[in-house]
1. For region 1-87, would you read off the P(r) tail past 19 Å as a percentage of all alpha carbon pairs?
2. Can you give the convex hull volume of the alpha carbon atoms of the chain per residue, in Å³?
3. Residue 78 label point, 7 Å along Cα→Cβ, cut-off 15 Å on backbone N: hits in region 12-42?
4. Which whole-Hz couplings ³J(HN,Hα) result when phi for each residue of region 144-149 is put into the Karplus expression 6.51 cos²θ - 1.76 cosθ + 1.60, θ = phi - 60°, listed in order with x for Gly and Pro?
5. Using a 1.4 Å probe on the protein chains only, how many percent of the accessible area of region 1-65 belongs to carbon and sulfur?
6. Which whole-Hz couplings ³J(HN,Hα) result when phi for each residue of region 40-57 is put into the Karplus expression 6.51 cos²θ - 1.76 cosθ + 1.60, θ = phi - 60°, listed in order with x for Gly and Pro?
7. For a Förster distance of 41 Å, can you work out the FRET efficiency between the beta-carbons of residue 18 and residue 111, rounded to the nearest 0.05?
8. Can you work out the Karplus-derived ³J(HN,Hα) for every residue in region 6-19? Use 6.51 cos²θ - 1.76 cosθ + 1.60 with θ = phi - 60°, whole Hz, and x for glycine or proline.
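The values are calculated or read from the model by the stated rules, or taken from the named source; none is laboratory data. The structure presented is a predicted model; accordingly, all values stated were derived computationally and were not measured. Here the Cβ positions follow ideal geometry from the backbone for every residue, glycine too, while neighbour counts run over all protein chains shown. With ligands, DNA and RNA removed, areas are computed over all heavy atoms of the protein, side chains included. Shrake-Rupley method; radii C 1.70, N 1.55, O 1.52, S 1.80 Å.
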Amino acid sequence: MDPRHKEILRKHRLDLSDQILIEDTIVQFLYQENILTESQVDEIQSQISNKKKTLRLLDILPTRGPRAFDTFLNSLEEEFTWVRDKLLQDLEQPNGGHTDEWNIPEVTLRAVPSDRQLSRLASRIGSEWESVLLDLGLSTGALYRCRADHPLSLHGQVLAGLIQWRQSQGRSATVHRLLQSLQATDVHPSTLDEVFQ
């Protein structure tokens, strides 16, 4: 899923959990369109309230590929048109709000992060590190190797993954791309105040 789409789902998470009823049509439509698996449908249905069902769906959707966001919008079309329109309106805003929140110069956003910046970042990401690296495109196998190579050091595991991402992406491995993944996986901007200054 596109980082901007993930950010919009994150931003509207609580609103969506209060405003939509997913059990009857939305979940079934997403299953019909091969966005959700049968076990994911069961997992969502097992939650005790509609709010928890919706929050679980919003946890799963970002992992379900590039069609997931548009298919979710389609599922809202008949019964929750106003919700769909609100999400689309947010999507049309320039930059999706990414760079404003980070307060980082444009020249830095376009640059490839240095070893020192990646090391600083690795010490600040915390428990979200695997989600960030998966969003950046690393495979689960690559994450396993990072853990195996640095079994006693979380910082070493995270830094190894970030360096591998930078090596594989070349000039595309920009600070801006990194920040998109951080934002999509709920890493708060305040944790990065000193990393990219």
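1. For region 1-87, the share of Cα pairs beyond 19 Å comes to 28 percent.
2. 131
3. Those under the cut-off are 21-33.
4. With the stated coefficients, region 144-149 comes to 4, 5, 4, 5, 5, 6 Hz.
5. Values: 1510 of 3350 Å².
Percent of accessible area from carbon and sulfur atoms in region 1-65: 45.
6. Listing the rounded values in order: 5, 4, 4, 5, 5, 5, 6, 5, 7, 9, 4, 4, 5, 4, 5, 5, 5, 4 Hz.
7. After rounding, the FRET efficiency stands at 0.50.
8. 4, 5, 5, 5, 5, 4, 9, 3, 6, 4, 4, 5, 8, 9
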